[in-house]
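Report on the following structure.
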Amino acid sequence: MPDLHTHSTASDGTLSPAELVARAQAAGVQALALTDHDTLEGLEEAAAEAARRGMRFVPGVEISVTWGGRTVHIVGLRVDAGNAELQQGLAGLRRFRDWRAEEIGRRLERAGYPGLFERARAHSNGRLISRTHFARALVEAGHAETTREVFKRFLVNGKPGHVPGEWADLAQAVGWIRAAGGRAVIAHPARYGFTRSKLRRLIGEFREAGGEAMEVISGSHSRDEVFTMAAHARDSGLLASAGSDYHGPENPWIELGRLPELPAGLRPVWHDWSLNTASTAPSVAV
Ligand code: AMP
Ligand code: MN
Ligand code: MN
Ligand code: MN
């Protein structure tokens, strides 16, 4: 099985792009996509390591979108990292991220938790700062036991470190991915807590904008959710994708190389990518 959704230290993962590729190969992953949040920075390193190892690599990205008052993630697969439109779109999102990180720090400070912007920045190694870095910083500072607890107590709507704001527009994000020659995929659709009709509305607008696929298999989907999402993909005619959403070995409940097969009757997002041809040639997926 390919794994078409993973993170590295270029965003909020804990393995470097090269370490991630090595671990995926050891786990038997057939083709790996690196899909960091709002950045293409890790792709060159990952592609070079995959080529060195003769492993199939799919350059990707996970774009933060605001839709229906909520944050939704859109994965782009097989994007051209040299595309200016995609690069500029992502640069705008990172500017918002930079400001938001400082604002999260200020709000936590006002709530009696000082010094967390600096700690979060240290966790990000000078790259983009995600709420995940604040979560690790808050655990490190002893304010919570787990990152999951941090999100609930500090970082979601109504909590002291929550900062509202606008990410990309749905059609815009799909447009950047298409401009870069990529295929757009709705990430972990069961995670948003949408009603059936709201999810259908998202899928409809996504298709209208030129989106082509949705994740049916996701590290964050239960068995039931896989079947519900499979039905949505079949009904809407979207291609089906599969990705662990791996962020590193610290989260032992999500591992590389352990994804179940797609349910029957779905067309895989990789159906025309020739990932299945036996080849020893080092290559980027064609
Ligand atoms: P950001 O894009 O900076 O708002 O951060 C979003 C990231 O935080 C997601 O990609 C997840 O990796 C992580 N995340 C979101 N919600 C949770 C949660 N409840 N528990 C742990 N990690 C979370
Ligand atoms: Mn993440
Ligand atoms: Mn996501
Ligand atoms: Mn992700």
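Can we say GLY112 is more than 14 Å from ligand 1 (Cβ to nearest atom), more than 17 Å from the chain's Cα centre (by Cα) and exposed (fewer than 14 other Cβ atoms within 10 Å of the Cβ)?
yes
Can you find a residue that is outside the structural domain of ARG136 (by TED's automatic domain parsing) and within 16 Å of ligand 3 (Cβ to nearest atom) anywhere in the stretch 27-34?
yes
Rundown of residues vs (1) in contact with a Ser or Thr (Cβ under 7 Å, 6 or more places away or on another chain); (2) at pLDDT below 95; (3) more than 16 Å from ligand 2 (Cβ to nearest atom), yes/no style:
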site	(1), (2), (3)
THR9	yes, no, no
ALA22	no, no, yes
GLY28	no, no, yes
ILE74	no, no, no
ASN83	no, no, yes
TRP99	no, no, yes
ARG110	no, no, yes
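Can you name every residue in the stretch 62-72 that is within 15 Å of ligand 2 (Cβ to nearest atom) and under 13 Å from GLY165 (Cβ atoms)?
SER64, VAL65, THR71
Which condition breaks for GLU145 when tested against (1) over 27 Å from GLU215 (Cα atoms); (2) touching a residue at least 40 places away in the same chain (Cβ under 8 Å); (3) open to solvent by 20 Å² or more (accessible area, probe 1.4 Å); (4) in a loop (DSSP other than H, G, I, E, B)?
Unmet condition: (2).
Checking the conditions here, which among PHE134, PHE151, PHE57 is assigned to a strand (DSSP E or B), at pLDDT 95 or above, of a type in the set (Phe, Trp, Tyr) and in contact with a helix residue (DSSP H, G or I) (Cβ under 8 Å, 6 or more places away or on another chain)?
Testing whether each residue is assigned to a strand (DSSP E or B), at pLDDT 95 or above, of a type in the set (Phe, Trp, Tyr) and in contact with a helix residue (DSSP H, G or I) (Cβ under 8 Å, 6 or more places away or on another chain) leaves just PHE57.
What's the number of the only condition in (1) open to solvent by 10 Å² or more (accessible area, probe 1.4 Å); (2) touching a helix residue (DSSP H, G or I) at 6+ places or on another chain (Cβ under 7 Å) that ARG95 fails to meet?
It fails just one condition, (2).
For the stretch 220-244, how many residues meet the condition of being in contact (Cβ under 8 Å) with a residue 40 or more places away in the chain, surrounded by fewer than 24 Cβ atoms within 10 Å (Cβ to Cβ) and within 16 Å of ligand 1 (Cβ to nearest atom)?
0
Considering the stretch 175-191 alone, what residues qualify as being touching an Asp or Glu at 6+ places or on another chain (Cβ under 9 Å) and either assigned to a loop (DSSP other than H, G, I, E, B) or of a type in the set (A, V, I, L, M) (or both)?
ALA179, ALA180, GLY181, GLY182, ALA184, VAL185, ILE186, ALA187, HIS188, ALA190, listed by residue number.
Identify, from the list ARG191, ARG201, the residue that is in the same structural domain as THR39 (by TED's automatic domain parsing), under 18 Å from GLY68 (Cβ atoms) and more than 17 Å from the chain's Cα centre (by Cα).
ARG201
Scan the stretch 59-67 and tell me whether some residue there is in the same structural domain as SER244 (by TED's automatic domain parsing), in contact with a Leu (Cβ under 7 Å, 6 or more places away or on another chain), farther than 19 Å from HIS188 by Cα and buried (at least 24 other Cβ atoms within 10 Å of the Cβ).
Checking the stretch 59-67: not a single residue is in the same structural domain as SER244 (by TED's automatic domain parsing), in contact with a Leu (Cβ under 7 Å, 6 or more places away or on another chain), farther than 19 Å from HIS188 by Cα and buried (at least 24 other Cβ atoms within 10 Å of the Cβ).
Just wondering, is there one or more residues in the stretch 192-210 that are crowded, with 23+ Cβ neighbours inside 10 Å and part of a loop (DSSP other than H, G, I, E, B)?
No, that holds for no residue.
Kindly provide the set of residues from the stretch 4-18 that are within 16 Å of ligand 1 (Cβ to nearest atom) and either of a type in the set (Val, Ile, Thr) or open to solvent by less than 10 Å² (accessible area, probe 1.4 Å) (or both), ordered by number.
Selection gives LEU4, HIS5, THR6, HIS7, SER8, THR9, ALA10, SER11, ASP12, GLY13, THR14.
The values are calculated or read from the model by the stated rules, or taken from the named source; none is laboratory data. The model shown is predicted, which means the values in this text are computed figures rather than measured ones. Every residue, glycine as well, gets a Cβ built from its backbone with ideal geometry; the counts of neighbours run over all protein chains shown. Side chains included, ligands, DNA and RNA excluded: accessible areas come from the protein's heavy atoms. Shrake-Rupley method; radii C 1.70, N 1.55, O 1.52, S 1.80 Å.
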